[in-house]
Amino acid sequence: MNPTPVIGRFAPSPTGDLHFGSLVSAVGSYLEAKIAGGQWLLRIEDIDPPREVAGSATRIINDLYRLGMVPDGPVLYQSSRLGAYQDAVKQLLDKGLAYPCACSRKDMPESGIYPGTCRGGVPRGKKPRSVRLNVAGDNCEFTDKIQGHVTDSPAGISGDFIIHRADGLFAYQLAVVVDDEFQGVTQVVRGADLLDSTSRQICLQKALGYTTPDYMHLPVALSTDGKKLGKRFQTDPVIHQDPAHAVGQALSFLGQHPPLRYSLDALWDWALKNWNSDLVPRRRAILPAQ
Ligand SMILES: [Zn+2]
């Protein structure tokens, strides 16, 4: 019996150019898939048109090629997948695992945790606006390859959370889960800023009868005083940087010890032989960008 083939993915939102933070996720997910003899897929998460920056999807894809990361297979655009998201929402409503909610932002408590107001039905005289997943009693703990055992539960993070928004758009959490299943993704490697989304995504996978992939959340860059680095670092595009320099920086950030002054090809040859996920730090403090 053949083991399940490893499939990893990189899934940027086209809300700007590839920056150092997203480059780190691209490099980490690429190497983790390739070192296992697997495939690396690319998905553009373009389901929130108001947040999109025109042309950035194409620039991200071009940048990845320029940096030496070529996806195995065609790029999946979430904007082409709305029917699948609709079907998933319907399936959850039909099973009684999701329910319509009439609440607006002003009905939410300060904690941001939805108290379950509409779980037993939309209050009389109110109209359904969104759809929420019922997470009551769900245990969606997981063990992350870098961050360890994570016991966060959606009940303590968000409560029953929105899967279909009042503005008609599908929620990020839903689209990610439906597409990871559709693309056969077996490992999710991404930044630890998404760590607290993971238990919600696992609850959704369980409700939809999907397989849960392995998770590996890479360190997020922090300044030496422990604060998340400023906007400049987060958004500074890598488009103008020398590709070998940019990839080398990402590898160093991930705890690897790449040789200096290698060409891009030689650097990738080195990385594909020497990538060691045990060296990736849980957290990463670096000096603030000058
Ligand atoms: Zn409600």
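The values are calculated or read from the model by the stated rules, or taken from the named source; none is laboratory data. Because the structure is predicted, anything quoted here is derived from the model rather than measured. Quick reminder, even Gly has a Cβ in these numbers, built from the backbone with ideal geometry, and neighbours come from all protein chains shown.
Points to keep in mind about this one:
- Scanning the stretch 130-142 for residues that are more than 16 Å from the ligand (Cβ to nearest atom) and touching a residue at least 40 places away in the same chain (Cβ under 8 Å) turns up Asp138, Cys140, Glu141, Phe142.
- Scanning the stretch 132-152 for residues that are assigned to a strand (DSSP E or B) and farther than 17 Å from Gln205 by Cβ yields Gly148, His149.
So that you can scan it fast, the table gives a plain yes or no per residue for (1) of a type outside the set (Gly, Ala, Ser); (2) in a loop (DSSP other than H, G, I, E, B):
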| residue | (1), (2) |
| --- | --- |
| Ala26 | no, no |
| Ser29 | no, no |
| Trp40 | yes, no |
| Arg43 | yes, no |
| Pro50 | yes, no |
| Ala54 | no, yes |
| Thr58 | yes, no |
| Pro71 | yes, yes |
| Tyr85 | yes, no |
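- Sole residue being free of Cβ contacts under 8 Å to residues at least 12 places away in the same chain, surrounded by 12 or more Cβ atoms within 10 Å (Cβ to Cβ) and among the basic types (Lys, Arg), chosen from Lys106, Lys90: Lys90
- Scanning the stretch 113-129 for residues that are aliphatic (A, V, I, L, M) and within 10 Å of the ligand (Cβ to nearest atom) gives a single hit, Val122.
- Taken over the stretch 83-112, the residue count meeting the criterion of being modelled with pLDDT of 95 or more, within 26 Å of the chain's Cα centre (by Cα) and within 13 Å of the ligand (Cβ to nearest atom) is 4.
- The residue pairs whose first member lies in the stretch 116-129 and is assigned to a loop (DSSP other than H, G, I, E, B), whose second member is more than 8 Å from the ligand (Cβ to nearest atom) and among the hydrophobic types (A, V, I, L, M, F, W, C), and whose beta carbons are closer than 6 Å, counting only pairs six or more residues apart or on different chains, are Arg129/Ala166.
- The set of residues in the stretch 142-178 being surrounded by 22 or more Cβ atoms within 10 Å (Cβ to Cβ) and under 15 Å from the mean Cα position of the chain (by Cα) consists of Ala171, Leu174, Ala175, Val176, Val177, Val178.
- Only one of the numbered conditions (1) assigned to a helix (DSSP H, G or I); (2) within 11 Å of the ligand (Cβ to nearest atom); (3) of a type in the set (Ser, Thr, Tyr) is not met by Tyr65, and that is (2).
Let's see how each residue does on (1) modelled with pLDDT of 95 or more; (2) of a type in the set (A, V, I, L, M); (3) buried (at least 17 other Cβ atoms within 10 Å of the Cβ):
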| site | (1), (2), (3) |
| --- | --- |
| Ala192 | no, yes, yes |
| Gly209 | yes, no, no |
| Thr224 | no, no, no |
| Gly230 | no, no, no |
| Thr235 | no, no, no |
| His240 | no, no, no |
| His245 | no, no, no |
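- Restricting attention to the stretch 166-200, the residues that are polar (S, T, N, Q) and closer than 18 Å to Asp87 by Cβ add up to 2.
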